[in-house]
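Scroll down for the structure; my scribbles are underneath it.
The values are calculated or read from the model by the stated rules, or taken from the named source; none is laboratory data. Just so it is clear, the model here is predicted, and its values are computed rather than measured. Note that we place each Cβ from the backbone using ideal geometry, even for glycine, and neighbour counts take in every protein chain shown. These area figures cover heavy atoms from the full protein model, side chains too; ligands, DNA and RNA do not enter into them. Shrake-Rupley method; radii C 1.70, N 1.55, O 1.52, S 1.80 Å.
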Amino acid sequence: MYAISLGDDGAELRPLEPWQAEEFLAHIDRGREFIGQYNALPDVVTDLESSRAFLQAYAEKTAADTGRIHGIRTDGTLVGAVILRTMDVEQGTAEAGCWLEPSAVGRGLVTRAARVIIDWAVEERGIHRVDWWVSSENEPSIAVARRLGMTKEGVLRGSYLYRGKRHDEEVWSVLAPEWRAGKQAS
């Protein structure tokens, strides 16, 4: 399996596949409360069967070219992931997302990993627009959107019911020409 380096600190990005369900579940368990602040994944991945089913759904998206999941690893340990939750090559659109367990926060891992998958989507798959949907309360994820050069397009007030509470969602995006200009500027 291939690995993509995320920098000099040894962090890397690798595809996640159904055969890694046990490791994926252990990762979710380590970060369940933290990840679950704004992300419903811990409510979906609760045991080995649901972990395998989640990864199988992404394997099917990969096969259909409609999404991707890549694990973020430090020192060989799975500590987070970035996803293309949706990807429509014909329309040229995708939605990216992420999560980390607490031990990996504050090292720029999500920003570096998201750059890799967004760049791949834009340059290899011809995606024109990448969205980033985030709870208005999730400041770290909003900061990632900013570092990725995304533009805040608006707030969907009370649009996301999560664990009995309504959340405002912000929609951020980057268009392919902006993405390429941002790469040249750095």
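Just how large is the dipole of the chain about the Cα centre, in debye to the nearest 20, putting +1 at every Lys and Arg Cβ and -1 at every Asp and Glu Cβ?
Values: 22 positive and 29 negative charges, 91 e Å.
Computed about the Cα centre, the dipole is about 440 debye.
Calculate, for the stretch 15-125, the solvent-accessible area per residue in square angstrom, rolling a 1.4 angstrom probe over the heavy atoms of the protein chains. The partial results should precede the final answer.
Details: 4950 Å² over 111 residues.
Per residue, the stretch 15-125 has an accessible area of 45 Å².
Using alpha carbon centroids, what distance separates the stretch 58-92 and the stretch 101-143, in Å?
12
Residues in the stretch 120-138 near a label at Gln37, defined as backbone nitrogen under 14 Å from the 7 Å Cα→Cβ point?
Correct set: 135-138.
Restricting to DSSP H runs of at least four residues, report the calculated mean residue ellipticity at 222 nm for the chain, -39500 (n - 2.57) per run over all residues, nearest 500 deg cm²/dmol. Spell out each step's value before the answer.
Numbers: 6 runs with 72 residues, N = 186.
So the calculated ellipticity at 222 nm is -12000 deg cm²/dmol.
With the cut-off at 1.5 for a/c, could you classify the chain from its C-alpha gyration tensor as rounded, prolate or oblate? Mind showing how you got there, number by number?
Values: a/c = 1.37, a/b = 1.13, b/c = 1.21.
Cα axes put the chain in the rounded bin.
Can you list, largest first and rounded to whole Å, the semi-axes you get for the stretch 5-104 by taking the square root of 5 times each eigenvalue of its Cα gyration tensor?
Numbers: eigenvalues 86, 57, 35 Å².
Ellipsoid semi-axes (Å, largest first): 21, 17, 13.
Among Leu156, Ser103, Val134, pick out the residue whose Cα is farthest towards the positive end of the charge dipole of the stretch 35-172, where Lys and Arg carry +1 and Asp and Glu carry -1 on C-beta, about the Cα centre.
Most positive-ward Cα: Ser103.
Using +1 at the Cβ of each Lys and Arg and -1 at the Cβ of each Asp and Glu in the chain, identify which of Gln37, Thr66, Ser50 lies farthest towards the dipole's positive end.
Going by the charge dipole, the pick is Gln37.
Sketch the reach of a paramagnetic label on Asp119 as a point 7 Å from Cα along Cα-to-Cβ, and name the residues of the stretch 162-182 whose backbone nitrogen lies under 15 Å away.
Within reach of a label on Asp119, which here means backbone N under 15 Å from a point 7 Å along Cα→Cβ, the stretch 162-182 contributes 179-182.
Say each of Val44 and Arg180 gets a label point 7 Å from the Cα, pointing the same way as Cα to Cβ; how far apart are those two points in nm?
3.2
Could you tell me, in Å, what Rg and Dmax come out for the Cα atoms of the stretch 39-149?
Every Cα atom of the stretch 39-149 included, Rg and Dmax give 13.9, 38 Å.
To the nearest 20 debye, what charge dipole does the stretch 16-121 have about its Cα centre, counting +1 at the Cβ of each Lys and Arg and -1 at the Cβ of each Asp and Glu? Show your work: numbers first, answer last.
Values: 10 positive and 16 negative charges, 82 e Å.
Dipole magnitude for the stretch 16-121 comes out near 400 debye.
Roughly speaking, to the nearest percent, how much of the stretch 1-116's 1.4 Å accessible area is carbon and sulfur?
Working: 2750 of 5430 Å².
On the stretch 1-116, the fraction of accessible area on carbon and sulfur atoms equals 51 percent.
Which residue fluctuates most in the GNM of the chain (Cα springs below 10 Å): Trp132, Trp19, Trp172?
Trp19
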